[in-house]
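Engineer: Pasting in a structure now, in structure tokens, and then I'll have a few things to ask.
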Amino acid sequence: MSLRQKLLRDNERTIESQKDFGLPVVLIDPDGTTHDTSATDDTRSLSGRIAYSNFTEDMNGNEIVSRSPTVTLNLGSLTRVPQAGEKWIVQIPPNPDSETLSDYTYERHPLISRGLGRVKLFLEIIEQS
Amino acid sequence: MNFIDARKALVELLGDNAAGRFRVVGYKKQQQGADDVRDNNRTVQVYTRKGKLDYDSTSLNGPYKYGMTIVIEITASKAARADLTVIKDPTSSPAAVVAALDDLQNAAELARESAEECYDAVFGIIMDSRNKAFDDDDDTLVDRRMIDEFEISNPSHVGSLVAVTLFAKLTFDTEEEAGGDTPLNAETPAIRIEHEPFDITGEEQDETSETVVEGGSGNEV
């Protein structure tokens, strides 16, 4: 087994295991279908690794600081992969200890790595219109 | 100098007329928190960019006419908007969810609209003829004020929000007088080296002396 195949196999543990860093994630695709379980095992809830990091971004000379949630998902657990230009709802806990989920979407191009078997989404919060 | 008073008057003018539409913050370029400039908390920063002497309208001994450039920087951020009651309702039909997703408004579009809306308000205040001298009572502080240029940044995805910054260039003229300088520290007074006029007919003699200015204007001897 190659190192890449080992890495793909380990994604379940390193990305999704809720005993480690995994947190629950629910996706609603543009067709209105909800994805809350793994594509490979429907008894296992969909999980991902969420980063709630702070960072500073320089924007045309202006500095902005904010929290920036990103979620990394195991491609092997998705029946449909979020693409750029699509409107998805991504529900994640607003903080690692929360038991409720907040609604996010994304505009930035998802980072899809077939080699590593992962997709990373840069999330924007949604508020009620 | 008058341009400092003019900038302060401008900040006050904008602050007095903001009416909850924006906040005027700081007098220098500074970091903004995306969460802090959300919705009507958009910020307007006013800071001096440059002053350029108008040679045609200035004499050697003053008053000195300066063409001032002040940057008005508007920062706004927005979240995406959607009908979450439909999306979160487990009884909603897939068609209803799809419709709600179609109506989802991207944060970038909303942030840009927010910055433009704020600029509309700021432009209206500054270019109101009643404020032609930044509401200065005797209308002498500034002349020929004009917002002659503005530029909007690309939307920036900042954390879970999207921010947009609009830079507007405000130009106006001020007249400055040189009032002389005052020594900063009386214990280290200003020193001026004086030379007697060179006498081409007499014997060469060193008349150089030091004059210590004890206080008051630096021009005093």
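Engineer: Among the numbered criteria (1) out of contact with any Ser or Thr (no Cβ under 6 Å at 6 or more places or on another chain); (2) assigned to a helix (DSSP H, G or I); (3) within 12 Å of chain A (Cβ to nearest Cβ); (4) not charged (D, E, K, R), which one does B:A111 miss?
Structural biologist: (1)
Engineer: Name the residue that is surrounded by the fewest Cβ atoms within 10 Å (Cβ to Cβ), counting only residues in the range B:36-71 that are hydrophobic (A, V, I, L, M, F, W, C) and assigned to a strand (DSSP E or B).
Structural biologist: Out of the qualifying residues, it is B:L53.
Engineer: Looking at the range A:45-69, which of its residues are part of a strand (DSSP E or B) and at pLDDT 90 or above?
Structural biologist: Passing the criteria: A:S45, A:S47, A:G48, A:R49, A:I50.
Engineer: Do you know which of the residues in the range B:38-81 that are within 17 Å of the chain's Cα centre (by Cα) and without any contact (Cβ under 8 Å) to a residue 24 or more places away in the chain is nearest to B:S160 (Cα to Cα)?
Structural biologist: Ranking the candidates gives B:K50 first.
Engineer: Would you mind telling me which numbered condition in (1) modelled with pLDDT of 85 or more; (2) closer than 19 Å to B:K169 by Cβ B:D5 fails?
Structural biologist: For B:D5, the exception is condition (2).
Engineer: Step by step: first the residues of the range B:72-101, then only those that are more than 8 Å from chain A (Cβ to nearest Cβ) and aliphatic (A, V, I, L, M), then the one that is surrounded by the fewest Cβ atoms within 10 Å (Cβ to Cβ). Which residue is that?
Structural biologist: Top of the filtered list is B:A99.
Engineer: Just give me the residues in the range B:77-108 being among the small types (G, A, S), outside any helix (DSSP H, G or I) and closer than 23 Å to B:D39 by Cα, in sequence order.
Structural biologist: Hits for the range B:77-108 are B:S77, B:A79, B:A80, B:A82.
Engineer: Here's something else I'd like to know. Determine if the range B:14-30 includes at least one residue that is over 30 Å from A:S102 (Cβ atoms), touching a strand residue (DSSP E or B) at 6+ places or on another chain (Cβ under 9 Å) and surrounded by 21 or more Cβ atoms within 10 Å (Cβ to Cβ).
Structural biologist: So far as the range B:14-30 goes, yes, one or more of its residues are over 30 Å from A:S102 (Cβ atoms), touching a strand residue (DSSP E or B) at 6+ places or on another chain (Cβ under 9 Å) and surrounded by 21 or more Cβ atoms within 10 Å (Cβ to Cβ).
Engineer: Any idea which of B:S59, B:S77, B:S114 is modelled with pLDDT under 90 and within 30 Å of A:D103 (Cβ to Cβ)?
Structural biologist: B:S77
Engineer: Hey, among the residues in the range A:84-129 that are among the hydroxyl-bearing types (S, T, Y) and in a loop (DSSP other than H, G, I, E, B), which one's farthest from the other protein chains (Cβ to nearest Cβ)?
Structural biologist: Step by step, filter the range A:84-129, then rank; the result is A:S98.
Engineer: I'm checking my understanding of the structure. Among residues of the range A:111-123 that are without any contact (Cβ under 8 Å) to a residue 40 or more places away in the chain and within 12 Å of the chain's Cα centre (by Cα), which one is nearest to A:N95 (Cα to Cα)?
Structural biologist: Per the criteria, the residue is A:L111.
Engineer: Would you point out the residue of the range A:81-128, among those that are at pLDDT 90 or above, closer than 23 Å to B:A107 by Cβ and basic (K, R), that is surrounded by the fewest Cβ atoms within 10 Å (Cβ to Cβ)?
Structural biologist: This residue is A:K120.
Engineer: Further question: Inside the range A:63-77, can you point out the residues that are surrounded by fewer than 18 Cβ atoms within 10 Å (Cβ to Cβ) and within 24 Å of A:L7 (Cβ to Cβ)?
Structural biologist: Within the range A:63-77, A:L75, A:G76 meet the criteria.
Engineer: For the structure I just gave you, tell me whether A:D36 is of a type in the set (D, E), surrounded by fewer than 16 Cβ atoms within 10 Å (Cβ to Cβ) and modelled with pLDDT of 90 or more.
Structural biologist: For A:D36, the condition - of a type in the set (D, E), surrounded by fewer than 16 Cβ atoms within 10 Å (Cβ to Cβ) and modelled with pLDDT of 90 or more - is met.
Engineer: Check off (1) of a type outside the set (G, A, S); (2) surrounded by fewer than 19 Cβ atoms within 10 Å (Cβ to Cβ); (3) touching a Leu at 6+ places or on another chain (Cβ under 8 Å); (4) closer than 30 Å to B:F172 by Cα for B:N154 and give me the number that stays unchecked.
Structural biologist: Just one mismatch for B:N154, condition (3).
The values are calculated or read from the model by the stated rules, or taken from the named source; none is laboratory data. What you see is a predicted model, and the numbers here were worked out from it, not measured in a lab. For neighbour counting, all protein chains shown are included, and Cβ atoms are generated from backbone atoms with ideal geometry for every residue, glycine included.
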